[in-house]
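Notes follow once the structure below has been shown.
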Amino acid sequence: MEDTIPPPRIARSRKLPPRAVPIAFAFFMSAIMAFLMCCVIVGANTGIDAGYPARVLSVYALAMPVAFLCVLTVRPFVLRLVGAVCRMPG
């Protein structure tokens, strides 16, 4: 009897469709930048002690949604700026 490997099952993709790229980019960019800025600003203003992580997360809860909306809002303008200073491929 011949050993055969069953064909792999085709799994449904859990990835978002291409039209979601600008929103996913804005979400991740704002999440990372807001967190880093909160870490720096909270540390500079109040110091780094035992309460530092809680203060950072408290400020981040406000900063992240604001940053997300800002990135979505300024994206078209930034794309025009990049097009003005960079040669585009193709």
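Scanning the range 72-90 for residues that are at negative phi and outside any helix (DSSP H, G or I) yields 86, 87, 88, 89.
Among the residues of the range 36-71, those that are open to solvent by 80 Å² or more (accessible area, probe 1.4 Å), hydrophobic (A, V, I, L, M, F, W, C) and either in contact (Cβ under 8 Å) with a residue 12 or more places away in the chain or assigned to a helix (DSSP H, G or I) (or both) comprise 36, 37, 40, 41, 44, 57, 62, 69.
The values are calculated or read from the model by the stated rules, or taken from the named source; none is laboratory data. Everything numeric in this text was worked out from a predicted model, so none of it was measured. We place every Cβ from the backbone using ideal geometry, glycine too, and count neighbours over all the protein chains shown. For the accessible areas, the whole protein counts, side chains as well, though only heavy atoms, and no ligand, DNA or RNA atoms are used. Shrake-Rupley method; radii C 1.70, N 1.55, O 1.52, S 1.80 Å.
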